[in-house]
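Chemist: What follows is a structure written as structure tokens; I'll ask about it next.
The values are calculated or read from the model by the stated rules, or taken from the named source; none is laboratory data. Worth saying up front: this structure is predicted, and the values here are computed from it rather than measured. All Cβ positions, even for glycine, are placed from backbone atoms using ideal geometry, and neighbour counts span all protein chains on display. These area figures cover heavy atoms from the full protein model, side chains too; ligands, DNA and RNA do not enter into them. Shrake-Rupley method; radii C 1.70, N 1.55, O 1.52, S 1.80 Å.
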Amino acid sequence: MNKKELEKIKQKALEEHIPIIMDDTLEVIEKELKENPPKRILEIGAAVGYSAMCFSEFLAEGGCIDTIERDEERIKQAKINFKNVEVTEKINLYEGDAVEILPTLNEKYDMVFIDAAKGKYPFFLKEALRMISDNGIIFADNILYKGYVMSDYNKHKQRTAVRNLREYIKEVSENPNLETEILEVGDGLAISRITKSKC
Ligand code: SAH
Ligand code: MG
């Protein structure tokens, strides 16, 4: 992978206010991936492909990433970026709404990264749980949404998003097959490990 090119893409994304993964959040996820290199990753919300390109460094031999994006401009840019960074054979970009695309997928994923419309997190979780492998891990970015999620502030115009992020936290916390931590890195990161045994 062309690291110099990746750094340029990161700077450009930041200048254009594209909400790419924050450094401290990335650090937590990369540490996890380093310990357990995944064969397949599913990402929901590619933007210009920055996080997917970062994750691609930690794939197991022959591994790959499926990522989904609906914004046409970002799709165009992501395709250019994947080419320039030389990761096209490791990253597969689905173009369209994840709400429509996810139900058509039937792979097993060792890692799922949820990073798209906050109002859809409970739906993304349901789809992630359907496809996660037995020792898999599910990350959800922006889970604390600027602190709104943990405060009693609910008159904000983003209240649908806040309600759905709270719903996500409730579901992962109550699910007996998951072990969940909520970290205050970046904009909040939920980490859910699958603990379900095979028998
Ligand atoms: N993971 C990226 C950042 C993603 S930003 C990174 O860290 O580099 C969130 C992206 O999700 C936006 O580009 C937005 O267009 C996309 N998105 C939001 N809702 C979506 C949906 N329902 N289907 C597909 N993409 C979606
Ligand atoms: Mg994010």
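Residues are listed down the side, and each one gets a yes or a no for (1) surrounded by 14 or more Cβ atoms within 10 Å (Cβ to Cβ); (2) away from ligand 1 (no atom under 11 Å from the Cβ); (3) within 17 Å of N81 (Cα to Cα):
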| position | (1), (2), (3) |
| --- | --- |
| L14 | no, no, yes |
| E27 | no, yes, no |
| E35 | no, yes, no |
| I41 | yes, yes, no |
| G49 | yes, no, yes |
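One line per residue, one yes/no per condition, for (1) touching a Gly at 6+ places or on another chain (Cβ under 7 Å); (2) closer than 18 Å to K12 by Cα; (3) not in a loop (DSSP other than H, G, I, E, B):
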{"residue": "A47", "(1), (2), (3)": "no, yes, no"}
{"residue": "F55", "(1), (2), (3)": "no, no, yes"}
{"residue": "G62", "(1), (2), (3)": "no, no, no"}
{"residue": "K76", "(1), (2), (3)": "no, yes, yes"}
{"residue": "K79", "(1), (2), (3)": "no, yes, yes"}
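Chemist: Looking at (1) open to solvent by 40 Å² or more (accessible area, probe 1.4 Å); (2) in contact with a Pro (Cβ under 6 Å, 6 or more places away or on another chain), which one does A60 not meet, given that it meets all the others?
Modeler: Looking at each condition in turn, A60 falls short on (1).
Chemist: Given the criteria touching a residue at least 12 places away in the same chain (Cβ under 8 Å), open to solvent by 80 Å² or more (accessible area, probe 1.4 Å), closer than 21 Å to I138 by Cα and within 14 Å of ligand 1 (Cβ to nearest atom), does M53 qualify?
Modeler: Numbers: touching a residue at least 12 places away in the same chain (Cβ under 8 Å): yes; open to solvent by 80 Å² or more (accessible area, probe 1.4 Å): no; closer than 21 Å to I138 by Cα: yes; within 14 Å of ligand 1 (Cβ to nearest atom): yes.
No; evaluated as a whole, the condition is false for this residue.
Chemist: Still on this structure, I have one more. Go through E171, E167 for me and flag whichever is assigned to a helix (DSSP H, G or I), charged (D, E, K, R) and more than 30 Å from P37 (Cβ to Cβ). Full working, then the answer.
Modeler: Working: E171 fails: more than 30 Å from P37 (Cβ to Cβ).
The match here is E167.
Chemist: For the stretch 118-128, how many residues meet the condition of being of a type outside the set (G, A, S) and open to solvent by less than 20 Å² (accessible area, probe 1.4 Å)?
Modeler: Our first condition is that a residue be of a type outside the set (G, A, S); within the stretch 118-128, this holds for 118, 120-127.
If we keep only those that are open to solvent by less than 20 Å² (accessible area, probe 1.4 Å) as well, we get 121, 124-125, 127.
The total comes to 4.
Chemist: Which residues, counting only those in the stretch 127-143, are within 16 Å of ligand 1 (Cβ to nearest atom), more than 12 Å from D110 (Cβ to Cβ) and in a helix (DSSP H, G or I)?
Modeler: E127
Chemist: If you go through the stretch 164-193 one residue at a time, how many are buried (at least 16 other Cβ atoms within 10 Å of the Cβ), among the charged types (D, E, K, R) and without any contact (Cβ under 8 Å) to a residue 40 or more places away in the chain?
Modeler: Residues flagged as buried (at least 16 other Cβ atoms within 10 Å of the Cβ), among the charged types (D, E, K, R) and without any contact (Cβ under 8 Å) to a residue 40 or more places away in the chain within the stretch 164-193 amount to 1.
Chemist: Do you know which of the residues in the stretch 99-117 that are open to solvent by 10 Å² or more (accessible area, probe 1.4 Å) and under 25 Å from K31 (Cα atoms) is farthest from ligand 1 (Cβ to nearest atom)?
Modeler: Going through the qualifying residues, I end up with K108.
One line per residue, one yes/no per condition, for (1) within 15 Å of ligand 2 (Cβ to nearest atom); (2) in contact with a Cys (Cβ under 6 Å, 6 or more places away or on another chain); (3) modelled with pLDDT of 95 or more; (4) within 18 Å of A128 (Cβ to Cβ):
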residue: L14; (1), (2), (3), (4): yes, no, yes, no
residue: H17; (1), (2), (3), (4): yes, no, yes, no
residue: N36; (1), (2), (3), (4): no, no, yes, yes
residue: S51; (1), (2), (3), (4): yes, no, yes, yes
residue: F58; (1), (2), (3), (4): no, no, yes, no
residue: R74; (1), (2), (3), (4): yes, no, yes, no
